[in-house]
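The values are calculated or read from the model by the stated rules, or taken from the named source; none is laboratory data. What you see is a predicted model, and the numbers here were worked out from it, not measured in a lab. So basically every Cβ, Gly included, is an ideal-geometry build from the backbone, and we count neighbours across all protein chains shown. Protein only, heavy atoms only, side chains kept; ligands, DNA and RNA dropped before computing areas. Shrake-Rupley method; radii C 1.70, N 1.55, O 1.52, S 1.80 Å.
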Amino acid sequence: SIVDTFTPNSFSIVVFNDVLVTFIKFGKTKLSVFKSTLLKTIPKLGFAGLIQTFRSNEKLMPYLHLPIQSGSDEILKKMNRRHNVSDYLNIIEKVREARPDIAISGDFIVGFPGESDCDFESTLEVCHNVGYASAFSFKYSPRPGTTAFEKKEVPEYIKKERLTVLQDVIRQYQH
(Lines give C-alpha, C1' and ligand atoms only; values in the text may rest on other atoms or scores of the structure.)
Protein backbone atom coordinates (compact mmCIF):
# COMPACT_ATOMS: atom_id res chain seq x y z
CA SER A 1 0.00 0.00 0.00
CA ILE A 2 1.02 3.62 -0.36
CA VAL A 3 1.38 3.91 3.40
CA ASP A 4 4.02 1.20 3.45
CA THR A 5 6.20 3.08 0.95
CA PHE A 6 7.06 5.75 3.50
CA THR A 7 10.02 5.16 5.76
CA PRO A 8 10.32 6.47 9.31
CA ASN A 9 12.95 8.95 8.12
CA SER A 10 10.93 10.37 5.23
CA PHE A 11 7.40 10.11 6.55
CA SER A 12 5.47 13.35 6.78
CA ILE A 13 1.90 13.83 7.93
CA VAL A 14 1.56 16.72 5.52
CA VAL A 15 2.56 14.61 2.53
CA PHE A 16 0.58 11.65 3.85
CA ASN A 17 -2.52 13.78 4.26
CA ASP A 18 -2.14 15.05 0.67
CA VAL A 19 -1.88 11.45 -0.55
CA LEU A 20 -5.07 10.56 1.34
CA VAL A 21 -6.97 13.50 -0.13
CA THR A 22 -5.75 12.58 -3.64
CA PHE A 23 -6.86 8.97 -3.22
CA ILE A 24 -10.26 10.13 -2.00
CA LYS A 25 -10.67 12.46 -4.99
CA PHE A 26 -10.07 9.52 -7.33
CA GLY A 27 -12.79 7.46 -5.70
CA LYS A 28 -10.82 5.15 -3.47
CA THR A 29 -13.28 4.29 -0.72
CA LYS A 30 -11.52 1.83 1.56
CA LEU A 31 -8.64 3.81 2.97
CA SER A 32 -7.33 3.47 6.46
CA VAL A 33 -4.52 5.09 8.36
CA PHE A 34 -2.11 2.55 9.78
CA LYS A 35 1.30 3.98 10.43
CA SER A 36 3.17 3.69 13.68
CA THR A 37 5.45 6.61 12.82
CA LEU A 38 2.58 9.10 13.12
CA LEU A 39 3.23 9.81 16.79
CA LYS A 40 6.92 10.42 16.12
CA THR A 41 6.07 13.30 13.80
CA ILE A 42 3.29 14.95 15.80
CA PRO A 43 5.49 17.39 17.73
CA LYS A 44 7.02 18.68 14.49
CA LEU A 45 4.08 18.68 12.11
CA GLY A 46 0.91 18.65 14.14
CA PHE A 47 -2.13 16.51 13.49
CA ALA A 48 -4.65 19.11 12.35
CA GLY A 49 -4.55 18.24 8.63
CA LEU A 50 -5.17 14.56 9.21
CA ILE A 51 -7.99 15.31 11.65
CA GLN A 52 -9.54 17.67 9.09
CA THR A 53 -9.30 14.93 6.45
CA PHE A 54 -11.20 12.54 8.72
CA ARG A 55 -13.79 15.28 9.34
CA SER A 56 -14.35 16.24 5.72
CA ASN A 57 -13.99 12.97 3.81
CA GLU A 58 -16.56 10.31 4.55
CA LYS A 59 -14.84 8.01 2.05
CA LEU A 60 -11.89 7.70 4.40
CA MET A 61 -12.38 4.53 6.40
CA PRO A 62 -13.10 5.50 10.01
CA TYR A 63 -10.06 3.72 11.41
CA LEU A 64 -6.83 4.98 12.94
CA HIS A 65 -3.97 2.95 14.32
CA LEU A 66 -2.21 5.10 16.88
CA PRO A 67 0.23 3.22 19.11
CA ILE A 68 0.93 4.41 22.63
CA GLN A 69 3.02 1.47 24.02
CA SER A 70 2.32 2.36 27.68
CA GLY A 71 -0.09 4.47 29.68
CA SER A 72 2.74 5.69 31.94
CA ASP A 73 4.70 8.82 31.05
CA GLU A 74 7.63 7.49 33.07
CA ILE A 75 7.74 4.25 31.06
CA LEU A 76 7.27 6.13 27.77
CA LYS A 77 10.31 8.22 28.69
CA LYS A 78 12.32 5.06 29.47
CA MET A 79 11.23 3.67 26.08
CA ASN A 80 12.58 6.85 24.44
CA ARG A 81 9.13 7.74 23.11
CA ARG A 82 8.56 11.37 22.20
CA HIS A 83 4.90 11.50 23.19
CA ASN A 84 3.16 11.55 26.55
CA VAL A 85 -0.19 10.21 27.66
CA SER A 86 -1.91 13.58 27.84
CA ASP A 87 -0.94 14.53 24.26
CA TYR A 88 -1.99 11.09 23.02
CA LEU A 89 -5.41 11.29 24.66
CA ASN A 90 -5.85 14.84 23.35
CA ILE A 91 -5.25 13.59 19.79
CA ILE A 92 -7.75 10.75 20.30
CA GLU A 93 -10.32 13.25 21.59
CA LYS A 94 -9.85 15.55 18.58
CA VAL A 95 -10.05 12.68 16.11
CA ARG A 96 -13.27 11.47 17.76
CA GLU A 97 -14.75 14.96 17.66
CA ALA A 98 -14.00 15.07 13.94
CA ARG A 99 -15.19 11.53 13.26
CA PRO A 100 -17.37 10.06 16.03
CA ASP A 101 -17.64 6.70 14.26
CA ILE A 102 -13.86 6.16 14.13
CA ALA A 103 -12.36 2.92 15.39
CA ILE A 104 -9.04 3.35 17.19
CA SER A 105 -6.41 0.65 17.46
CA GLY A 106 -3.10 0.75 19.32
CA ASP A 107 0.02 -1.08 20.43
CA PHE A 108 1.08 -1.99 23.96
CA ILE A 109 4.15 -3.47 25.59
CA VAL A 110 3.79 -4.80 29.13
CA GLY A 111 6.62 -5.61 31.50
CA PHE A 112 9.12 -3.03 30.25
CA PRO A 113 12.05 -2.87 32.71
CA GLY A 114 11.03 -0.77 35.69
CA GLU A 115 7.28 -0.99 34.99
CA SER A 116 5.54 -0.86 38.38
CA ASP A 117 2.03 -1.96 39.26
CA CYS A 118 1.08 1.74 39.18
CA ASP A 119 2.55 2.13 35.67
CA PHE A 120 0.58 -0.88 34.49
CA GLU A 121 -2.63 0.45 36.07
CA SER A 122 -2.06 3.68 34.11
CA THR A 123 -1.96 1.62 30.91
CA LEU A 124 -5.26 -0.03 31.81
CA GLU A 125 -6.74 3.40 32.50
CA VAL A 126 -5.75 4.54 28.98
CA CYS A 127 -7.43 1.41 27.57
CA HIS A 128 -10.64 2.22 29.42
CA ASN A 129 -10.50 5.87 28.34
CA VAL A 130 -9.90 5.10 24.66
CA GLY A 131 -11.96 1.92 24.27
CA TYR A 132 -9.80 0.39 21.54
CA ALA A 133 -11.54 -1.41 18.70
CA SER A 134 -8.40 -3.54 18.45
CA ALA A 135 -4.85 -3.53 19.73
CA PHE A 136 -1.58 -5.34 19.38
CA SER A 137 -0.15 -6.23 22.77
CA PHE A 138 3.10 -7.92 23.68
CA LYS A 139 5.30 -8.81 26.62
CA TYR A 140 8.57 -6.89 26.67
CA SER A 141 11.48 -8.91 25.36
CA PRO A 142 15.08 -7.70 25.69
CA ARG A 143 16.85 -6.46 22.56
CA PRO A 144 20.65 -6.26 22.56
CA GLY A 145 21.98 -2.78 21.97
CA THR A 146 19.04 -0.97 23.61
CA THR A 147 19.27 0.94 26.88
CA ALA A 148 16.60 -1.32 28.39
CA PHE A 149 18.68 -4.43 27.65
CA GLU A 150 20.94 -3.66 30.61
CA LYS A 151 18.11 -2.99 33.06
CA LYS A 152 16.52 -5.39 35.52
CA GLU A 153 13.59 -7.15 33.87
CA VAL A 154 10.10 -7.57 35.23
CA PRO A 155 9.68 -11.28 36.08
CA GLU A 156 8.16 -13.37 33.29
CA TYR A 157 5.17 -14.51 35.35
CA ILE A 158 4.23 -10.85 36.00
CA LYS A 159 4.59 -9.98 32.29
CA LYS A 160 2.32 -12.92 31.42
CA GLU A 161 -0.25 -11.93 34.02
CA ARG A 162 -0.24 -8.28 32.89
CA LEU A 163 -0.61 -9.25 29.25
CA THR A 164 -3.65 -11.40 30.07
CA VAL A 165 -5.26 -8.60 32.09
CA LEU A 166 -4.54 -6.02 29.38
CA GLN A 167 -5.98 -8.20 26.64
CA ASP A 168 -9.10 -8.85 28.72
CA VAL A 169 -9.62 -5.09 29.16
CA ILE A 170 -9.09 -4.44 25.44
CA ARG A 171 -11.59 -7.18 24.53
CA GLN A 172 -14.27 -5.41 26.57
CA TYR A 173 -14.41 -2.67 23.94
CA GLN A 174 -14.21 -4.72 20.76
CA HIS A 175 -17.34 -4.96 18.66
Filter segment 48-87 down to residues that are part of a helix (DSSP H, G or I) and either open to solvent by 10 Å² or more (accessible area, probe 1.4 Å) or under 19 Å from Y140 (Cβ atoms) (or both), then give me how many there are.
-> 15
Segment 119-155: number of residues that are at pLDDT 95 or above and acidic (D, E) | 3
Out of all the residues in segment 98-139, which are in contact with a helix residue (DSSP H, G or I) (Cβ under 8 Å, 6 or more places away or on another chain) and part of a helix (DSSP H, G or I)?
-> A98, D119, F120, S122, T123, L124, V126, C127, H128, N129, V130
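For every residue, the table says whether it meets (1) among the aliphatic types (A, V, I, L, M); (2) under 21 Å from the mean Cα position of the chain (by Cα).
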site: F138; (1), (2): no, yes
site: T147; (1), (2): no, no
site: K151; (1), (2): no, no
site: P155; (1), (2): no, no
site: I158; (1), (2): yes, no
site: L166; (1), (2): yes, yes
Residue identified as under 17 Å from F47 (Cα atoms) and touching a His at 6+ places or on another chain (Cβ under 8 Å) among I91, I102, I68 | I68
Taking R82 as the residue in question, decide whether it is more than 20 Å from V169 (Cα to Cα) and touching a strand residue (DSSP E or B) at 6+ places or on another chain (Cβ under 6 Å).
-> no
Check whether at least one residue in segment 110-120 is within 13 Å of the chain's Cα centre (by Cα) and closer than 20 Å to I170 by Cα, and report yes or no.
-> no
Within segment 94-127, tally of residues that are open to solvent by 80 Å² or more (accessible area, probe 1.4 Å) and over 12 Å from L66 (Cβ atoms) | 7
Does S36 fit the bill of being under 28 Å from E153 (Cα atoms), modelled with pLDDT under 90 and in contact with a strand residue (DSSP E or B) (Cβ under 9 Å, 6 or more places away or on another chain)?
-> yes
Which pairs do you get when a residue that is over 10 Å from C127 (Cα atoms) and part of a helix (DSSP H, G or I), found in segment 154-174, comes within reach of a residue that is among the basic types (K, R) and at pLDDT 95 or above, reach meaning Cβ atoms under 8 angstrom, with the pair 6+ apart or on two chains?
-> E156/K139; K159/K139; K160/K139; R162/K139; L163/K139
